[in-house]
Amino acid sequence: MNSANTTATTDRILVCCGTGCIANGALEVAEAIEQQIAEQGSSATVQLKVCRTGCSGECEAGPVVRFMPRDLMYYRVRPKDAQAIVASLEGAPVEKLMHKVDGKAVEHMADNPFYALQHKIVLANVGVIDPLSLDEYRAAGGYEGLARALKMTPEQIIDEVDKSGLRGKGGAGFPTGRKWRTAAGYDVFPKYIVCNGDEGDPGAFMDGSTMEGCPHAVLEGMAIGALAIGAEEGILYIRDEYALARDHIQHAIDDAYAAGILGESVMGSGHRLDLSIVRGGGAFVCGESTALMASIEGRVGEPRAKYIRSVQRGLFDHPTVLNNVETLASIPAILRDGGSAYAQIGTDSSKGTKVFAMVGKVKHTGLVEVPMGTTLRTLVYDIGGGIIGDRPFKAIQTGGPSGGCIPESLLDLPVDFDTLTEYGAMMGSGGMIVMDDCSCMVEVARYYVDFLCEESCGKCTPCREGLRQMRSILTDICEGRGKPGDIELLERIGHTMEDASLCALGKTAPNPVLSTIRFFREEYEAHISNKECPAGVCAALTQFAIEADACTGCGMCTKACPAGAISGDRKEAHMIDPAKCIACGSCREACRFGAVLTTRRTA
Amino acid sequence: MSEMLTISIDGKECTCKKGEYLYDVAKRNGIFIPTFCRSDAFEDHRACCRICIVEVEEGGRTKVVTSCVYPVERECSVQTRSEKIMEERSVVMALLVHRAPEAPSFKNMVGRMGATETDRLVTLDGEKCILCGLCVQACNALGTGAISTVNRGTEKKIDTPYGKGSDACVGCLSCANVCPTGAIEYSETDTTRTIWNRDFELVRCEECGQVMGTQNSVVFAAADEVVPTMCDSCRKKHLADEMMATYRYV
Ligand SMILES: Cc1cc2nc3c(=O)[nH]c(=O)nc-3n(C[C@H](O)[C@H](O)[C@H](O)COP(=O)(O)O)c2cc1C
Ligand code: SF4
Ligand code: SF4
Ligand code: FES
Ligand code: FES
C-alpha cells in the first residue's frame, strides 16, 4: 500500500514536523531548506515545495526528511545539511544522512526494515501529506469514505463496519460495529459521538501523532459514526499537553466547516454535524469512558459504576458513542475500500492493523503500524532492530501502566487483543516498552504501581488502598525488607482488585505485579530470601565493582558516575569506592566493555 | 407496569421488579449484605467502598458485582457469601481497617465479618475517614455543596476547595452527622461552632435557649421564608398554645 503516488506533480521535500522531530530541531531544518531552495533556485522543470508533515514514525532518528517522488529518506538532519540536501535533488544522494543496513546506505523508505514490515492504514497519510491541507487530504482519497456513507443508510454503514471486524483500539477491543448499532437503536435525542484523545499512558504517542499528522481522518471517522448513530454533535476530548494535536484538529475543523463538510449540511446532504474540542482533565484516569464524560460535563473526572452503558446513557445522560482516535481514523478507509478489504488483514479475532509506540532498549524506537497478529519477535527484532548493544532481551511491557510484562519465552506470541490478555498483559492503547537484562522486574512493577497510586482517581477502596499496600510491599522487597508470604499477599490483594474495583483502571492495575510474579517469580524470591537483586538494579541490594581484566581504563565510567566514586589512571584498571558508590548503575550503562559487574550487597 | 422477575439469593427465591438494585432485593428478603457507602437517604450511590460485592450467575457466567448498584435485569442466581466473596470481602475489609485505624465502628465490624489477618499492611496513622463519600452526598443533597473529594489516587480526601473555609458551608453538621466513623471534626463553644476551617455564630431558641444551629444554617434552611427565632419544639408548643387560646370557647 503506497499512498505516496497520489502526490502532485511538483517535487516535494517532506520535513517531519511531528512533536519528536520539532524537539530535535525540525522547524529550523525546514527553514534552512526553504532558504536553500530560494538561494539555489529550483530548475525550470522542477518546482520544489517544502511540506511540513506529521510524524514519520522513527522519531529517535529525527528530524526525518524525505524527497518525493524520488523517495529518498534522510535521517538526523541538521540545518547545516540543507545545502547538500537541496543539491542532491538531481545528483547523488547524501550518504551520511541515509539509513544503513549492514553498512550499505538505504535509499527508499520501503527498503528500511523499520518501515518495510509495516502496514499503514491509520498512518497512511501521516508523514506524507501536509496535515494542515484539506486539499492534500482529499487528493489522497480523503472524505471519499464519508461521501460513500452519505449514500448509504445507517444500517448499511454499520454493516460495513461490522464486516470489517474493527475492534476498539483504545484498549478494550470492543467491536465498533456492535457499539454503533446499540447506540443507533435508541430513539433518544440528541446523541453524541465522542473521540477519546486523552492518551494518558506515559510513553505512548500514537493518538497524538495521528491527530497531528492527519487530523482530517479523525474528523471523517467521526462524521461517518455520527451518520450511523444519528448524532448531530461530536466532541474531541484531547489530552491537555497535546497543544500541537489540538491546533491541527482545530485547523482541520475550521477548514471542514469552510468547505461545507461540517455544519448545517454535511457535504450538502442535509445532515447537521457540529464538532468541537474539549481539553483533557490531565489525569490518566480521565481516559476512562465514564470519567471522561464526567470531565466533559464539568464534574470531577471520576468513573462511575457502568452497569448502564454509555451507549444508552452517556454524555448528559444521552446515548453516546465513545471511540478512540485510532479506531475513528480507521473508519474512512473501511468505508472507502469496503469492510471486507479491511477484514483480510489481521487474525481471526482481531482484524486490521494496530499502531504501537515502541520505546525502551530497542535500537529503533518510534511509531509502527503492523497487521494484528504480528509476533512480538518481529516487532522487537525485525522492525525494532533488536536490543541496544545486543544485550539479552528480558521482557516487553505492553498495554500502558496497567499492562503486563511478557518474557522471552513468549516472544513468538501473535499480538492481538485476546492473546495478550490471556497472558496477563493487554493491548491497552498500544504502548510497548522493551527491556533488557538490566531491568529488575520487581522494580518495574513498583514503578508502575507508584504511577497508578498517583493517577488512579482514588474513588474505590480496592484500587486506592490496594495500590497503596502494593506500593509499600514492593518498596520493602526492593529495599531488602521483603518477608516470606509477601508474594502471596500481593496476589491476594491483586485478585481482589481485579474483581472488586469500580473501573477498568483498578481492575487492570494489578497486571504489572501479577504478570511479573507469574513470569519472574524467582526474581521476587531472590529479593525476599537472598536479599539479592539479580538484575543489579535495586540499590539497597546491589554492589558494583569493576572487573580489572575487562577494564580498558577508558574512563567513561568515571565521567558517568554522579557520585565521584570511580578512580583510576588512563589505560589502567579503574576502581569503585564502595563508601561513595550510590549504586545508580550509571557506570554499567556507560561502560562499552562490560567491565562493570554487580554482586549482592554484603555490607 | 414494570416487569417482575424471580431470582435466587443464597438459595432463597426472591421476586423483584426488573431494574431493582440487587442489594434492595436482598434486604427486603432479610438477607444481610454489608454496606458502607450506601444510604437510603440518597437515590444515587457512589458504589465506592466495594464491601457489598456478591457473585451473580447469569446465563451460565459468574461475575462479581457490587450489589448496591447492580440492577437485576434478568433471572439470575446470587451468592452473597461464596468462598470467593468471603475472601475478597475480607481483603477489602483489611484494606479499610488499615486505611482508617482510628475508626471505632470498624473494629466491631471486623469482629463480625473478618478481615485478612496480616501484619504486612501499613496503616495511616490517626485516620478515621474511609472515603465513603456520604458526607459529600449529604452536603450536596442540601444544596450547599461545600465539600467534595479532592486530589486523586492514594492522596484522595474530603475537603473544602483548597482546604480553606468555604462560603458555601453553613456549618449545619449534616456531614458530621451522616459520617459512619465520626471522621469529621468540629468544636463548639457557647457562642461559636468551628467546622471545615470556619467559625459560625450559634443561634439559640429565644424560648428555651437550646442551640438551633448556626446563624448561616438557620437562614439557609428558611430559604425565602421568615427566619425562625424559636426551636421546632418550642414553636410547636407555641402553636398549640395559640390554638388553645383561639378555640378555647368553641
Ligand atoms: C484508566 C483508563 C484509561 C484509558 N485511557 C484511554 C485513552 O487515553 N484513550 C482511549 O482511547 N481510551 C482509553 N481508555 C479506554 C476507554 O475507556 C474506552 O474504552 C475507549 O475510549 C473506547 O473506544 P474504542 O472502543 O474505540 O477503543 C482508558 C480506559 C481506562 C480504564
Ligand atoms: S478503580 Fe481506581 S480509578 Fe477506578 S474508580 Fe476505583 S479508585 Fe477510581
Ligand atoms: S468523612 Fe465520613 S462520611 Fe465523609 S467520606 Fe469520610 S467516612 Fe465517609
Ligand atoms: S516526530 Fe518525526 S518521526 Fe516522529
Ligand atoms: S455499599 Fe455498595 S459499594 Fe459501598
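The values are calculated or read from the model by the stated rules, or taken from the named source; none is laboratory data. Note that this is a predicted model, so its numbers are computed, not measured. Quick reminder, even Gly has a Cβ in these numbers, built from the backbone with ideal geometry, and neighbours come from all protein chains shown. Note: areas computed on protein heavy atoms with side chains; ligands, DNA, RNA excluded. Shrake-Rupley method; radii C 1.70, N 1.55, O 1.52, S 1.80 Å.
Among the residues of region A:358-367, is any part of a loop (DSSP other than H, G, I, E, B), of a type in the set (Lys, Arg) and closer than 30 Å to A:Gly506 by Cα?
Looking through region A:358-367, at least one residue is part of a loop (DSSP other than H, G, I, E, B), of a type in the set (Lys, Arg) and closer than 30 Å to A:Gly506 by Cα.
Would you mind telling me which numbered condition in (1) away from chain A (no Cβ under 13 Å); (2) surrounded by fewer than 18 Cβ atoms within 10 Å (Cβ to Cβ) B:Leu124 fails?
(1)
Out of region A:443-459, which residues are of a type in the set (A, V, I, L, M, F, W, C), open to solvent by less than 10 Å² (accessible area, probe 1.4 Å) and at the interface with another protein chain (Cβ under 7 Å from one of its Cβ atoms)?
Across region A:443-459, the qualifying residue is only A:Cys453.
So for region A:385-396 (the condition being modelled with pLDDT of 95 or more and closer than 15 Å to A:Val513 by Cα), does at least one residue qualify?
yes
Determine which member of the set B:Ala141, B:Ala176 is open to solvent by 40 Å² or more (accessible area, probe 1.4 Å), over 27 Å from A:Gly506 (Cα atoms) and part of a helix (DSSP H, G or I).
From the options B:Ala141, B:Ala176, the qualifying one is B:Ala141.
What are the residues in region A:5-18 that are at pLDDT 85 or above and either surrounded by fewer than 21 Cβ atoms within 10 Å (Cβ to Cβ) or within 11 Å of ligand 4 (Cβ to nearest atom) (or both), if any?
A:Leu14, A:Val15, A:Cys16, A:Cys17, A:Gly18
For every residue, the table says whether it meets (1) open to solvent by 30 Å² or more (accessible area, probe 1.4 Å); (2) more than 14 Å from chain A (Cβ to nearest Cβ); (3) within 26 Å of A:Arg468 (Cα to Cα); (4) of a type outside the set (Val, Ile, Thr).
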| site | (1), (2), (3), (4) |
| --- | --- |
| B:Cys16 | no, yes, no, yes |
| B:Glu20 | yes, no, no, yes |
| B:Val54 | no, no, yes, no |
| B:Arg81 | yes, yes, no, yes |
| B:Leu95 | no, no, yes, yes |
| B:Glu102 | yes, yes, yes, yes |
| B:Phe106 | no, no, yes, yes |
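Give region A:492-531 a look and list any residue that's outside any helix (DSSP H, G or I) and either in contact with a Cys (Cβ under 9 Å, 6 or more places away or on another chain) or buried (at least 24 other Cβ atoms within 10 Å of the Cβ) (or both), or say none.
The answer is A:Ser501, A:Leu502, A:Cys503, A:Ala509, A:Pro510.
If you take the residues of region B:27-41 that are away from every other protein chain (no Cβ under 14 Å), in contact with a Lys or Arg (Cβ under 9 Å, 6 or more places away or on another chain) and open to solvent by less than 40 Å² (accessible area, probe 1.4 Å), which of them is nearest to ligand 4 (Cβ to nearest atom)?
The selected residue is B:Ile31.
Can you tell me which residue in region A:455-472 is farthest from ligand 2 (Cβ to nearest atom), limited to those that are in contact with a Lys or Arg (Cβ under 9 Å, 6 or more places away or on another chain) and more than 21 Å from A:Ser289 (Cβ to Cβ)?
Here the answer is A:Ser472.
Taking A:Leu467 as the residue in question, decide whether it is over 26 Å from A:Ile387 (Cα atoms), touching a residue at least 12 places away in the same chain (Cβ under 8 Å), within 7 Å of chain B (Cβ to nearest Cβ) and not in a helix (DSSP H, G or I).
Answer is no for this residue.
Output the residues belonging to region A:278-313 that are among the charged types (D, E, K, R), within 11 Å of ligand 1 (Cβ to nearest atom) and crowded, with 22+ Cβ neighbours inside 10 Å.
A:Glu288
Specify the residue that is modelled with the highest pLDDT; the eligible residues are those in region A:81-110 that are open to solvent by less than 70 Å² (accessible area, probe 1.4 Å) and of a type in the set (Asp, Glu).
The qualifying residue modelled with the highest pLDDT is A:Asp81.
Output the number of the condition that A:Asn323 fails; it satisfies all remaining conditions of (1) more than 25 Å from A:Ala183 (Cβ to Cβ); (2) open to solvent by less than 10 Å² (accessible area, probe 1.4 Å).
(1)
Among all residue pairs at least 6 apart or on different chains, which show Cβ distances below 6 Å where the first residue, located in region B:23-48, is without any contact (Cβ under 8 Å) to a residue 24 or more places away in the chain and the second is buried (at least 21 other Cβ atoms within 10 Å of the Cβ)?
Within 6 Å, the pairs are B:Ala47/B:Thr66; B:Ala47/B:Cys68; B:Ala47/B:Val69.
Hey, A:Gly480 hits all of (1) more than 14 Å from every other protein chain (Cβ to nearest Cβ); (2) assigned to a loop (DSSP other than H, G, I, E, B); (3) open to solvent by 30 Å² or more (accessible area, probe 1.4 Å) but one; which does it fall short on?
Just one mismatch for A:Gly480, condition (3).
Assess whether A:Gly141 counts as being at pLDDT 95 or above, open to solvent by less than 30 Å² (accessible area, probe 1.4 Å), under 27 Å from A:Met427 (Cα atoms) and in contact with a Pro (Cβ under 9 Å, 6 or more places away or on another chain).
In short, no.
Scan the helices (runs of 4 or more DSSP H) fully inside region A:283-357 and keep the ones with 1 or more residues being closer than 18 Å to A:Ser456 by Cα.
A:289-296
Quick one: in region B:179-210, of everything that is in a loop (DSSP other than H, G, I, E, B) and among the charged types (D, E, K, R), which residue is nearest to B:Ile147 (Cα to Cα)?
Residue satisfying both the conditions and the ranking: B:Glu185.
Could you pull out every one of the helices (runs of 4 or more DSSP H) wholly within region A:153-213 that has 2 or more residues that are open to solvent by less than 20 Å² (accessible area, probe 1.4 Å), more than 16 Å from ligand 5 (Cβ to nearest atom) and closer than 19 Å to A:Arg309 by Cβ?
Answer list for region A:153-213: A:154-164, A:176-185.
Within region B:202-228, which residues are under 30 Å from the mean Cα position of the chain (by Cα), surrounded by 12 or more Cβ atoms within 10 Å (Cβ to Cβ) and not hydrophobic (A, V, I, L, M, F, W, C)?
Within region B:202-228, B:Arg204, B:Gln210, B:Gly213, B:Thr214, B:Gln215, B:Asn216, B:Ser217, B:Pro228 meet the criteria.
Here's the yes/no breakdown for (1) free of Cβ contacts under 8 Å to residues at least 40 places away in the same chain; (2) within 19 Å of A:Gly200 (Cβ to Cβ); (3) in contact with a Phe, Trp or Tyr (Cβ under 9 Å, 6 or more places away or on another chain):
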{"position": "A:Ile383", "(1), (2), (3)": "no, no, yes"}
{"position": "A:Asp416", "(1), (2), (3)": "no, no, no"}
{"position": "A:Asp436", "(1), (2), (3)": "no, no, yes"}
{"position": "A:Leu452", "(1), (2), (3)": "no, yes, yes"}
